[in-house]
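Here is the structure we will look at.
The values are calculated or read from the model by the stated rules, or taken from the named source; none is laboratory data. Nothing here was measured: the structure is a model prediction, and the numbers come from that model. Here Cβ is always computed from backbone atoms with ideal geometry, including for glycine, and neighbour counts include all displayed protein chains. Calculation scope for accessible area: heavy atoms of the full protein, side chains included, ligands and nucleic acids excluded. Shrake-Rupley method; radii C 1.70, N 1.55, O 1.52, S 1.80 Å.
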Amino acid sequence: MPRHTEIKKLLQSPPVGEQVTVQGWVRAFRARRFIALNDGSTIKNLQIVTDFEQMDEEVLKKISFHACIRVTGQLIESQGAGQSVEVIAEKVEILGEANPEEYALQPKKQTMEFLREKAHLRMRTNTFSAVFRIRHAIAFAIHEYFNKEGYYYLHSPIITGSDAEGAGEMFQVTTLDLDNVPKDEDGAVDYKEDFFGKQTNLTVSGQLQGEIAALALGKVYTFGPTFRAENSNTSRHLAEFWMIEPEVAFYDIIDNMDLAEDFLKYLINYVLDNYMDDLEVLDKRIAELEKNMKAELRRPMGLIDTLRFVVDNDFERITYSEAINILRSSKPFKKGRFEFEPEWGKDLQAEHERFLVEKKFKKPVIVRDYPKGFKAFYMRMNDDNETVAAMDILFPGIGEVVGGSQREERLDVLKQRMHEMDVHEDELWWYLELRKFGGCPHAGFGLGFERMVLFITGMENIRDVIPFPRTPGRAEF
């Protein structure tokens, strides 16, 4: 097999005048002469110029939309508009045919829902190839950022015997025969017969294990799959998703907010600096979608301008109590436009978060010091004994992308919180021992990876930024 050159490398440093071999999929074949070839390495196509009179008729018939071909020829400066170089084909080989009458993705606009049903093919479109290249870029930037900052990457377990969030919406892991489940004397499931000898689930978070490592290594982060058995079909929820969770010894809530803001800006800047071609395609897509919308329904800025605005401005920082006061003093509240009343002691709803970010401050907002009643047991109690040192970062169009807190390091206070929230000490005995033997102030947060990809790509549905979405009733591919 002859060596070939990726199209991205060819366009970055074109060896004009030399013979090259390229491979890829046919994006277009115009006038039986011009082939637009793409190999996935870049959003850009390479133009192949063929002399169909010299080509084998059988080969010519097989050059259809998304057929896979190998081309050998001379790279020259292009004489036409739209590209700087092109290949004058000397040899064209068919690597894989694509019957145009049977191929599902015809060269026309397709709905997002249709493309989700064809997830094995949708990465071949410009939109999704751009999305998944950017998804890779963000993942790479995450590791690069933490490595530069001296953090250690921790692989936290996927199978766990504890519920970090206390929410209970977890997928159970078992090897028991479901047609003949063993029972104990009380008629309950006898988990001693199960593989691990106890009830286990797929994890919702690597945070608690991250705390173990942070109290030994100082600065760590996890980046792995997490699972939530929540029967939700919204555009913001998945049953399987990825989380980034740094944990840092000796950090308080202010340090935590500083880290999160710097981290998010780093990720956005990395994509802006390295994947502008893909961003431009996605920016153009949004403009096309919104061109016939009413002005009030359009995004205030284009995708690229929004990303630059976020990295160029400090995030607004307010307390939960300040947020409630702002919401209750707002015109939408006074005119009865909120579906849910903003009330102290209740969690902020999506409409409240969007008002704060998109109307009031017009930039990302960090809300801190939430009431203890709806926050997790491990969040540090503030001196008022009513709020905890928690923080959420809210982004335009997305809502919460980051949730974090200073962790409760005081053993007696932690035990009291666990008792109040019905979290059993015997299940988390090791977590309590972290406070008993050399505990220290520490903090961390979780970034929903798909939500960050959603924001940076400007896509509307979280199912469109993960290769194979898992949602209620769907586990295809």
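Which of the peptides 64-70, 204-210 is most tightly packed, and how do the rest follow, going by the mean number of other Cβ atoms within 10 Å of each residue? Walk me through the numbers on the way to the answer.
Working: 64-70: 17.9, 204-210: 24.4.
Going by the mean number of other Cβ atoms within 10 Å, highest first, we get 204-210, 64-70.
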Just grab the label-to-label distance for Asn147 and Asp255, each label 7 Å out from Cα along the Cβ direction, in nm (one decimal). 2.5 nm
Using a Förster distance of 60 angstrom, determine the FRET efficiency expected from the C-beta separation of Lys331 and Glu476, and round it to 0.05. 0.85
Each residue of the range 287-294 in order: what ³J(HN,Hα) in whole Hz does its phi give by Karplus 6.51 cos²θ - 1.76 cosθ + 1.60, θ = phi - 60°, with x for Gly and Pro? 4, 5, 5, 9, 5, 9, 7, 5
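Taking a probe of 1.4 Å, how large is the accessible area per residue of the range 306-365, in Å²? Present the calculation step by step, with values, prior to reporting the outcome.
Working: 3570 Å² over 60 residues.
That works out to 60 Å² per residue.
Please report the carbon-and-sulfur percent of the accessible area for the chain; probe 1.4 Å, protein heavy atoms only, DNA, RNA and ligands left out.
On the way: 11610 of 24210 Å².
Within the chain, the accessible surface is 48 percent carbon and sulfur.
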Hydrodynamic radius (Kirkwood) for the range 337-477, which is based on Cα pairs only, to one decimal in Å: 17.4 Å
With label points set 7 Å from each Cα along the Cα-to-Cβ direction at Glu343 and Lys8, the distance between them in nm comes to 5.2 nm
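Report the charge-dipole magnitude of the chain in Debye, nearest 20, computed about the Cα centre from +1 at each Lys and Arg Cβ and -1 at each Asp and Glu Cβ. All intermediate terms of the calculation are to be shown ahead of the outcome.
Values: 61 positive and 79 negative charges, 408 e Å.
In total the dipole reaches around 1960 debye.
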In order over the range 425-434: 3J(HN,Hα) from phi, Karplus 6.51/-1.76/1.60, θ = phi - 60°, whole Hz, x for each Gly or Pro, gives 5, 5, 7, 10, 4, 5, 5, 5, 5, 4
Rolling a 1.4 angstrom probe over the protein heavy atoms, how many square angstrom per residue are accessible across the range 134-250? 51 Å²
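Under a 1.4 angstrom probe, counting protein chains only, how are Arg435, Arg236 ranked by accessible area, largest first? Don't skip to the end; give the middle numbers.
Working: Arg435 20, Arg236 55 Å².
I get Arg236, Arg435, largest accessible area first.
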In sequence order, calculated HN-Hα J values of the range 340-352 (Karplus, 6.51, -1.76, 1.60; Hz; x Gly/Pro): 10, 6, x, 9, 4, x, 10, 5, 5, 8, 4, 5, 5
Cα principal axis extents for the range 159-268, largest first, Å: 54, 38, 19
Tell me, in nm to one decimal, what length is gained between Phe65 and Trp430 on full extension, where the rule is 0.36 nm per residue of separation less the Cα-Cα distance? 125.6 nm
Contour minus end-to-end for Asn292 and Arg30, with contour as 0.36 nm per residue of separation and end-to-end as the Cα-Cα distance? 91.3 nm
Leu176 versus Met301, label points 7 Å from Cα toward the beta carbon: distance in nm? 5.4 nm
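Out of every Cα pair in the chain, what percent are spaced more than 45 Å from each other?
Values: 28567 of 113526 pairs.
Tail of the P(r) past 45 Å holds 25 percent of the pairs.
Between Phe52 and Thr319, how high is the FRET efficiency from 1/(1 + (r/R0)^6) when r is the Cβ-Cβ distance and R₀ = 60 Å? Nearest 0.05.
Details: r = 70 Å, r/R0 = 1.16.
The calculated FRET efficiency here is 0.30.
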Rg/Rh (Cα only; Kirkwood hydrodynamic radius) as it applies to the range 199-340: 1.02
Rounded to the nearest 500, the 222 nm mean residue ellipticity computed for the chain from DSSP H runs (n ≥ 4, each -39500 (n - 2.57)) alone is -9000 deg cm²/dmol
